[in-house]
Protein chains: 2
Amino acid sequence: MARWEPGARDRLVVAAVDLFTEQGYDATTVTEIAERAGVTKSTFFRHFPDKRELLVAGQDALSELLADGIREAPEGSGALACVQAGLERASTMMGPTNRDLGPRIRAAVAASEALQERDALKSVGLAAAMTDALRARGHTDLVAHLAAELGVLAFKRGYAAWADTESDELAPYVVSALEELRSASAALD
Amino acid sequence: MARWEPGARDRLVVAAVDLFTEQGYDATTVTEIAERAGVTKSTFFRHFPDKRELLVAGQDALSELLADGIREAPEGSGALACVQAGLERASTMMGPTNRDLGPRIRAAVAASEALQERDALKSVGLAAAMTDALRARGHTDLVAHLAAELGVLAFKRGYAAWADTESDELAPYVVSALEELRSASAALD
């Protein structure tokens, strides 16, 4: 009987990030990641299709939460208010493990072109999810695209700011980053 | 003696886009692209490292022109005025062939995850080039990131609008898209 594995998924991500940092992404195998995490290879493959997807895992869930938050924002909300609702909803997915892993994941991504590509496509996917949800609320294509890009930027900047703190909550940092971007947008010349 | 090949590079891009449209990106080989373009495989490899790079060819040149334009904008220019200067400079790279290929390239990219990833990374690269050039002019990290993202969005939207015209000049469409984004940014709520 398989024993219950608390946090196998988290352990796999931590092990992968450690190994990518120590020996590089290209040199790291799924077998090594599973061994380091203390799980079998088939447990790895129950959670992730390959090592490349591991670092962007949760993208679909994140996209859904962003879209849900936008869809359920109060009637008459402006585009950025909708985006804020989406970001707050999506932030609930992230806990202290994500906060602590953030900087190391960014370092691993920066060191590997394969991961950079996957990460870039993830950002495009999140922006598209928000753009579609904003359009569905009747915002113009222009405003939807613009607000979605600001949302992605706010999520990245808020996440980076969160990493330097002891806080367990991502949402305030993302909301504050969005507010900064809103002010800076209004002042652009 | 090798005969002079006018526009071999352009012919290769046109041939590749045709083949990607007809039979899909995955099913298309470098040999087929070279044959369709009427050049040898070694001519292909003089221009491109592989079929995936073909559709984002010119990214480095584009990044340099964006950065040059930003660097050389008049002293005291605001961040968006710098971005506009960069976009105008980069637009000089694009001619009628680019205009006509644009929609077909977008269709090929939309149909292939490998191309989507490469295309997403290209956007990240262009944004990074603009962000760095804006920071070097003394703009804050926040403003530099924001203005660069608007620049990428303006380039994409302007390029898409240009495709529906007979105009040989991309610049006016990109400048107009940037102006639209500037107005929309100021009005975001």
Total residues in segment B:117-171, condition outside any helix (DSSP H, G or I) and small (G, A, S): 2
- line: Within segment B:133-189, the count of residues that are of a type in the set (A, V, I, L, M), at the interface with chain A (Cβ under 8 Å from one of its Cβ atoms) and within 17 Å of B:I70 (Cα to Cα) comes to 6
- prompt: What about B:A129, is it more than 17 Å from B:G58 (Cβ to Cβ) and at pLDDT 95 or above?
  reply: no
query: When A:V143 is evaluated against the numbered criteria (1) touching an Asp or Glu at 6+ places or on another chain (Cβ under 9 Å); (2) at pLDDT 95 or above; (3) of a type in the set (V, I, T), which criterion, by number, is the only one it fails?
result: (1)
- request: Please enumerate the residues belonging to segment A:79-120 that are within 30 Å of B:A186 (Cβ to Cβ), away from every other protein chain (no Cβ under 14 Å) and either crowded, with 22+ Cβ neighbours inside 10 Å or in contact (Cβ under 8 Å) with a residue 40 or more places away in the chain (or both).
  value: A:G86, A:L87, A:E88, A:A90, A:S91
- request: Kindly establish whether A:L66 is at pLDDT 90 or above, in the same structural domain as A:S176 (by TED's automatic domain parsing), aliphatic (A, V, I, L, M) and buried (at least 17 other Cβ atoms within 10 Å of the Cβ).
  value: yes
field: B:S42 vs. criteria polar (S, T, N, Q) and in contact with a Gly (Cβ under 9 Å, 6 or more places away or on another chain)
entry: no
task: Scan B:V30, B:V13 and give me the residue that is touching a helix residue (DSSP H, G or I) at 6+ places or on another chain (Cβ under 9 Å) and surrounded by 17 or more Cβ atoms within 10 Å (Cβ to Cβ).
output: B:V13
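The values are calculated or read from the model by the stated rules, or taken from the named source; none is laboratory data. All values reported here derive from a predicted model rather than from experimental measurement. Quick reminder, even Gly has a Cβ in these numbers, built from the backbone with ideal geometry, and neighbours come from all protein chains shown.
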